[in-house]
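Engineer: The structure that follows is given in the form of structure tokens.
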Amino acid sequence: MASLVCRRFPQRVSKATAFSSIDKCARKNISNENCKDPGSKEQNTGTIEKVNHVEYRVHYNPSAYTRVKNTVHQHIMEDSEDLIEHNYSSTGVKQVQNMYSVTCSRRLSSTKNTLLELAFNKPVPQSTSVQTLKQKEKKDMQESDVEAYDSKEDPRTFQNLRPEYRSLCVGHSEGSRNLSVEEGDMILHKVAVLKSSLTLERITDSFCKLSSLPLDQLVVVRSNTRFAMLCRYSVENLHLFSVDQLINILKAFVHLGIPPAHSMLHVYEVEFCRRVWDMNLNQLLLVADMWRVLGRSVPQYLEIFASFVNLHWKDLTLPQLVQLTYVVGEGRKGPQELMLKLEPLLLRYLDLMNEEEIGAVCLGFFKSNNGLSEHVMCKIGDKVSTKMEEISSFALVNVLKMFRYTHIAHLNFLKRLGEVVPQHLPSIGTQGIMHIALACAALHYLDERLMNAIAAVVPSRVKYCRSKDIAKFLWAFGSLNYEPPNAGEFYSSLIEEICKRLHEFEKFPEHFLTSLLALAFAQQFPLDLIDLALSERFVQLAIGRSTYELKKDLFTLDGSVGIECLNYKGSRLNLQVRQEVTEMIRNFASQDICVKPEVLEAVTLLATILGGSHYIKNHMILPHTRSNDLEVHLDINGKPIPFNKEVTRAALPNLEMKATGVYITDDLMGQLLKGKGRAKDSMESEEVKLESRVTEQKKTGLATETLERNHVFSEGVPLSNYFLNSLTASKTCQEQSTLQLKKDTGIVKLAIQVSHRNHYCYASKQLLGLHSLKRRQLHLLGYTVVELPYWEWFPLLSRSRSEKLAYLHHKVFGTLN
């Protein structure tokens, strides 16, 4: 439920915005909503600034999807603050709160106050003003209804669609709250009088009756010492209760709104774990459901429960199967052995399930980190495709989550998604829209109609976005390498929101880096935000809170900025982190990417075409892009140039090819001293002497390669500037000379890429964002990208060697034309 809380803070300086190193707004004394330089459009979305004066703060907590829920349990939990022993923390809670702050300052300048007075004192027709206010109020109410989402109640919608679920779950509408205050006080009075004489039946009956009190009386009852006495007597006699009595007491706890961290519930949890094997399947499911409604995590109970079901899974009915997957999903853990057994049952009941039940099953498997087979997912896709107009947005999103998790692209389902969803987006909450976009990105599926519709609604919904939603929206468009028609408005609205939410991104650094990487894919570089992300403080924060994955993201962002933003003067990733990640990525590539059969086949055949393995290098030219290339250098005449020093040293030691310098022999120096002219005059006599020496050595069996090397220089060596520099220059100077030589002589550097279908959008020839970024940066560095597309190269792998050689020869040397 959305909640609106207004608080007045004392007039003091508030905590500065997280990460911010730019305090223009603070110095200019303006609100954070206008935290930008009015004289520059580019700085509108690229500057992070501080606000150091806050007096009023309005917190708004919206949600997603559809339907506003007003349940009894929500009211109970809201009123339970006065109970001793309450703690609403729970295990495994992710980022579900959606708290936004709108800050207002009373300390405006006199100029601004004057402008505000002039603005508000303008004569406005009363009818127009009232009509505008009504329209705005109506629009706000509609948006509130769309964004309303209850993380506990919405996943339970399927339970209202069959009467069989009444015995498997607890309903908040069960029974009537018709117990008067006087009757409740009389029950508590009897508890105080009877004390330890209370029978098991009276204890159970007392709890059940007290749970029928009006909502506004529950807090009073829970804080009553006589109620605490009743709870104590129930705990003391816990082992004497029957299973039905225990279930009724737990159900009363649900309606009484006992906080999940209450110490009494721990004792009941232990007892229910002991009684698992004394209950039937319906009772076990009901108890698990009540623990969920209470908001208490009971992993031990669910583990024993799963062991029971593992022995009786064949007896599950359709409602029991759906309720079981719901319970397992809410527990965030499901034994793989059991979940695999449930697949045949799911196939058996699939045709009888409604769309909400299918959505519940998909969500249960998704939350418990268990996938479904391709066959089952295809059946689900077929069924949902025919009911796309009827399925609720919540159930549809759950099905999409499962397709995303299993990486199965059901083409007909995705086509129907693109046809139906765009017209229903106004009625889908922001989080729901985000999951739709994210599913398309995960499946590499690009539907321009759908993405355009999403891009059109995001700017107006950005105020409802969590940091996660912002990151995933940007990632969806960036990874699909798609620019919507309203790209300017779309990206600027999200970047502005990032600037306002830096305090939230500090808690979730992975979302901040995801956002910036996605923007880099789309050639958007908000330099102030990048400077913040690469600052030492944020880097340490990101690395400390996460693992290797964030280091890779930092590395990719840093490498991209270094190539594409030449005027950038901000923070950069330190050398140690760059070297560490580079080594990790290269080790992975050498063991996986570079040794794939299609890559090794291309390397071998290219070496044959070029004249040896020292003319080609299988490596990552840009390690931060995380994929390999086959690098080849051609001179201005199209002849390959040997440059792979590792192969040269290992495979050609007899040619004396060193990393620097030229091997100097007496004969070589003689040639240099004599000069080219004298070398020609004495060429014949030198050849006669050489041949006689070779003949003599061969006769004694001591022929050497040295004589052959001397023969190479028998006609003299042209004294070029490069050659003289090779004799006299140091290693550093020679590397600089080599770079200058390549620039002057027009050497062509080829980056040959063996592409895969995962580099492209599904059933398309459009590159994904990361691979598009890589090719863009290779071009900026002077490389010519030569692709061996999978739709051409993979079929050739089964053809003759001559066909493959001809194909590669055309690809390599065709670039010169």
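No lab work stands behind these numbers, since they all come straight from the coordinates. Fair warning: this is a prediction, and the values are worked out from it, not measured in the lab. For neighbour counting, all protein chains shown are included, and Cβ atoms are generated from backbone atoms with ideal geometry for every residue, glycine included.
Engineer: Mind giving me the nanometre distance, one decimal, between the label points for Ala456 and Asn369, set 7 Å out from Cα along Cα→Cβ?
Structural biologist: 4.1
Engineer: Beta carbons within 10 angstrom, averaged per residue: use that to sort the peptides 274-280, 362-368, highest first.
Structural biologist: 362-368, 274-280
Engineer: Moving on to the next point. Listed highest first by mean packing, meaning other Cβ atoms within 10 Å per residue, what order do 189-199, 579-589 come in?
Structural biologist: 579-589, 189-199
Engineer: Continuing with the same structure: How large is ³J(HN,Hα) for each residue in region 475-489, as worked out from phi by the Karplus curve 6.51 cos²θ - 1.76 cosθ + 1.60 (θ = phi - 60°), to whole Hz, x for Gly and Pro?
Structural biologist: The phi angles translate into 5, 4, 6, x, 5, 7, 6, 10, 10, x, x, 9, 3, x, 5 Hz.
Engineer: For region 179-296, list log₁₀ I(q)/I(0) at each q in 0.22 Å⁻¹, using the Debye formula over Cα point scatterers of equal strength and ignoring solvent, two decimals each.
Structural biologist: Rounded to two decimals, the profile gives -1.35.
Engineer: Let me ask something else about it. Quick one: which residues, 5+ away or cross-chain, put their amide H under 5 Å from the amide H of Leu788? H built at 1.01 Å from N.
Structural biologist: Gln753, Val754, Ser755
Engineer: Please sort 513-519, 536-542 by packing, taking for each peptide the average over its residues of neighbouring beta carbons within 10 angstrom, highest first.
Structural biologist: Packing proxy ranking, top to bottom: 513-519, 536-542.
Engineer: Next question. Counting pairs of alpha carbon atoms under 8 Å apart in space and at least six apart in sequence, what relative contact order in percent does region 179-296 give?
Structural biologist: 30
Engineer: Sticking with this structure for a sec: With the crude spin-label approximation of a point 7 Å out along Cα→Cβ, what separation in nm comes out for Glu448 versus Arg166?
Structural biologist: Roughly 5.4 nm, to one decimal.
Engineer: Distance check, please: which entries in Lys367/Lys507; Lys367/Lys500; Lys500/Lys765; Lys596/Lys645 exceed 27 angstrom between their Cα atoms?
Structural biologist: Among Lys367/Lys507; Lys367/Lys500; Lys500/Lys765; Lys596/Lys645, the Cα-Cα distance tops 27 Å for Lys367/Lys500; Lys500/Lys765.
Engineer: On to the next question. I need the phi-derived Karplus couplings for region 240-250: 6.51 cos²θ - 1.76 cosθ + 1.60, θ = phi - 60°, integer Hz, Gly and Pro marked x.
Structural biologist: Once rounded to whole Hz, the list reads 8, 5, 6, 4, 5, 5, 4, 5, 5, 5, 5.
Engineer: Now for a different question. Please give the FRET efficiency for Ala806 paired with Asn237, using the beta carbon to beta carbon distance and R0 = 51 Å, rounded to the nearest 0.05.
Structural biologist: E between Ala806 and Asn237, to the nearest 0.05, is 0.05.
Engineer: I would also like to ask the following. Could you calculate the FRET efficiency of Val270 with Asn310 from 1/(1 + (r/R0)^6), where r is the beta carbon distance between them and R0 is 25 Å, rounded to 0.05?
Structural biologist: 0.70
Engineer: For region 534-543, in order, what is each residue's ³J(HN,Hα) by Karplus, 6.51 cos²θ - 1.76 cosθ + 1.60 with θ = phi - 60°, in whole Hz (x at glycine and Pro)?
Structural biologist: 9, 5, 4, 5, 5, 4, 5, 5, 5, 5
Engineer: Let me ask another. Note down the nm distance, to one decimal, between modelled labels 7 Å out along Cα→Cβ at Glu201 and at Val595.
Structural biologist: Inter-label distance under the simple model: 7.5 nm.
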